[in-house]
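The values are calculated or read from the model by the stated rules, or taken from the named source; none is laboratory data. It should be emphasised that the depicted structure is a prediction, and the values quoted were computed from it without experimental measurement. In this analysis, Cβ positions are derived from the backbone assuming ideal geometry, glycine residues included, and neighbour counts consider all displayed protein chains. Surface accessibility is based on the protein's heavy atoms, side chains included, excluding ligands, DNA and RNA. Shrake-Rupley method; radii C 1.70, N 1.55, O 1.52, S 1.80 Å.
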Amino acid sequence: MDYRLLPQKSGPTLMFRQWKARGSNVERAVFVGHSQPTHSGMLGPLAEGFQRQGWHVFSGDVRGHGRSTDDTHILGHLPAKTGWQDAVTDMRHFLEKSFEQIAWENRMVVVPNITALLTLEVMKDWPDLAKHIVLISPPPNQKTLALFGKAFAMARMRMRNADAPDEQPLHHLYAFLGSHLKDRSHPADVMSSDRVLIQKVVNDPYGWPIPTPAYWSNIFEGMLTSWRWPKDAKMKPGTRCLMMFGGEDAMLRDGGFLAPIERFLHQIGIDDVASERVNGARSA
C-alpha cells in the first residue's frame, strides 16, 4: 500500500491510499469508500482482495475522518454551513484521481454508508463515473428519518457548541440503529457481530470518533439531498448497480426500504440493478 497527500485550496490535506495491482497491463481500477466511524486505513484486507484479482485499488479519508483533518476540520466534524458539499468535493477529488486513464467499463466503485451517499451526489453531474457501482447499506431515501435526525442535531447545535464533540447524538443514533440486536454490548456492535473487529475500530485512534452536532446535521442533510436529483440527470446507459445489505442491518435487513431505492436507481437510468442480502451481516 502506498499513500499520497492531496492538498486543497480549501480544507485539510486529504489522505489518499492506493494498492497497485501487479503486472504492467492492468487497466482496471476500483475505489473503495469508508463509513461514518471508520477510515481508509481500515480497508486493507478488502483492498488486498481486489488487488489479488488484478485491480488497482484506491481509497481516501473524507475530511473529518481518519487522517484528513486540521485545526478547523477536527476528527468527527464537518462545518455547519458547508460541510456536506465540502465532503462531496473530497469524494469527487478521490474518484477523479482513482480513474485517471481508466476506461469507463473498467471502473468500479464500492461504497458503504456515507460514502455511498457522497457517490450519489457525484453521480448527478458525472453520468459516466463507472460502469460498476456497489452501494453497501446506504441510509435509505426516507425523508422522515433524515428530517428527524437533522432536527435533533440542530437542537443540539443550539444547546451547546456546534463544533465540539457531543456524545448525545452518537448515543441516540446508535441506540436506535442497534435496538433490534439481542447481543449488543457497545454502540459499535451495529457494524458487525465480530467482537474482535469492533474492538479494533473502537481502539483505533482514528476510528469511532465522537462527532460534533454540526457533523450530524450535515450527514442528515446529505440523506435528503443525495436522493434528490435534477429532473433530467441520468446515468450512462449500461451502468450496473449492486445493492448489498446485511441480514442484521438496522434499516435494510428485512428489505422494506429496498424497493424505493431500486425504483430510484431505475429512474436515474440504471437498468441493471441487483441486490444481495448477506445473512448474519451488519452494516460493515
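Residue check: is Ile210 buried (at least 19 other Cβ atoms within 10 Å of the Cβ) and closer than 25 Å to Leu147 by Cβ? Step through it out loud before you land on a result.
On the way: buried (at least 19 other Cβ atoms within 10 Å of the Cβ): no; closer than 25 Å to Leu147 by Cβ: yes.
When the stated conditions are applied, Ile210 does not pass them.
Within region 107-121, is even one residue assigned to a helix (DSSP H, G or I), open to solvent by 10 Å² or more (accessible area, probe 1.4 Å) and within 30 Å of Asp271 (Cβ to Cβ)?
Of all residues in region 107-121, those assigned to a helix (DSSP H, G or I) come to 113-121.
Those still in the list that are open to solvent by 10 Å² or more (accessible area, probe 1.4 Å) too: 113, 121.
Checking which are within 30 Å of Asp271 (Cβ to Cβ) leaves us with 113, 121.
Yes, that holds for at least one residue.
Could you please let me know if Ser193 is small (Gly, Ala, Ser) and open to solvent by less than 70 Å² (accessible area, probe 1.4 Å)?
Working: small (Gly, Ala, Ser): yes; open to solvent by less than 70 Å² (accessible area, probe 1.4 Å): yes.
Here the answer is yes, as Ser193 does meet what is asked.
Among Met223, Met235, Met243, which is the only one that is open to solvent by less than 60 Å² (accessible area, probe 1.4 Å) and under 28 Å from Ile74 (Cβ atoms)?
On the way: Met235 fails: under 28 Å from Ile74 (Cβ atoms); Met243 fails: under 28 Å from Ile74 (Cβ atoms).
The conditions single out Met223.
Name the residues in region 19-49 that are in contact (Cβ under 8 Å) with a residue 60 or more places away in the chain and among the aromatic types (Phe, Trp, Tyr), would you?
Once the filter is applied, which keeps residues that are in contact (Cβ under 8 Å) with a residue 60 or more places away in the chain and among the aromatic types (Phe, Trp, Tyr), region 19-49 yields only Phe31.
Could you list, in sequence order, all residues of region 128-159 that are more than 20 Å from the chain's Cα centre (by Cα) and closer than 16 Å to Trp216 by Cβ? Give the steps one after another, and end with the answer.
Filtering region 128-159 for residues more than 20 Å from the chain's Cα centre (by Cα) gives 144, 148, 151-152, 154-159.
Phe148, Ala151, Phe152, Met154, Ala155, Arg156, Met157, Arg158, Met159, listed by residue number.
Write out, first by first residue and then by second, each pair whose Cβ atoms fall under 7 Å of each other, whose residues are 6+ apart or on separate chains, and whose first residue, in region 230-246, is under 10 Å from Ile268 (Cα atoms) and of a type in the set (Gly, Ala, Ser) while the second is open to solvent by less than 10 Å² (accessible area, probe 1.4 Å) and outside any strand (DSSP E or B).
Close Cβ pairs satisfying both conditions: Ala233/Ile268.
Name the single residue that is surrounded by the most Cβ atoms within 10 Å (Cβ to Cβ) among those in region 96-106 being touching a Lys or Arg at 6+ places or on another chain (Cβ under 9 Å) and part of a helix (DSSP H, G or I).
Among those that are touching a Lys or Arg at 6+ places or on another chain (Cβ under 9 Å) and part of a helix (DSSP H, G or I), it is Ser98.
Just the residues that are in contact with a helix residue (DSSP H, G or I) (Cβ under 8 Å, 6 or more places away or on another chain) and within 10 Å of Arg67 (Cα to Cα), please, taken from region 1-19.
Within region 1-19, Leu14, Met15, Phe16 meet the criteria.
Criterion first (within 15 Å of Val109 (Cβ to Cβ) and either open to solvent by 20 Å² or more (accessible area, probe 1.4 Å) or part of a loop (DSSP other than H, G, I, E, B) (or both)) does Ser35 satisfy it?
Considered against the rule, which asks whether it is within 15 Å of Val109 (Cβ to Cβ) and either open to solvent by 20 Å² or more (accessible area, probe 1.4 Å) or part of a loop (DSSP other than H, G, I, E, B) (or both), Ser35 comes out as yes.
Could you check how many residues of region 39-78 are open to solvent by 10 Å² or more (accessible area, probe 1.4 Å), of a type in the set (S, T, N, Q) and within 15 Å of Gly11 (Cα to Cα)?
2
How do the pairs read when you match residues in region 102-126 that are in contact (Cβ under 8 Å) with a residue 40 or more places away in the chain with residues anywhere that are among the acidic types (Asp, Glu) and part of a helix (DSSP H, G or I), using Cβ under 8 Å and keeping only pairs 6 or more apart or on different chains?
Matching pairs, first to second residue: Leu118/Asp90.
Return the only residue of Arg63, Arg17, Arg22 being charged (D, E, K, R), under 23 Å from Ile133 (Cβ atoms), outside any helix (DSSP H, G or I) and over 14 Å from the mean Cα position of the chain (by Cα). Before the answer, list the steps.
On the way: Arg63 fails: over 14 Å from the mean Cα position of the chain (by Cα); Arg22 fails: under 23 Å from Ile133 (Cβ atoms).
Matching residue, one of Arg63, Arg17, Arg22: Arg17.
For Gly76, all conditions in the list (1) of a type outside the set (A, V, I, L, M, F, W, C); (2) in a helix (DSSP H, G or I); (3) touching a Ser or Thr at 6+ places or on another chain (Cβ under 9 Å) hold save one; what is the number of the exception?
With respect to (1) of a type outside the set (A, V, I, L, M, F, W, C); (2) in a helix (DSSP H, G or I); (3) touching a Ser or Thr at 6+ places or on another chain (Cβ under 9 Å), Gly76 is out only on (2).
Considering (1) outside any strand (DSSP E or B); (2) under 29 Å from Ala188 (Cβ atoms), say which one Val30 fails and leave the rest.
Looking at each condition in turn, Val30 falls short on (1).
So Asp90 clears everything in (1) open to solvent by less than 40 Å² (accessible area, probe 1.4 Å); (2) more than 30 Å from Ala155 (Cβ to Cβ); (3) in contact with a Lys or Arg (Cβ under 7 Å, 6 or more places away or on another chain) except one condition, right? Which one?
Condition (2) is where Asp90 drops out.
Read through the list (1) crowded, with 18+ Cβ neighbours inside 10 Å; (2) modelled with pLDDT of 95 or more; (3) among the aliphatic types (A, V, I, L, M), then give the number of the only condition that Ala274 fails.
So the condition that Ala274 fails would be (1).
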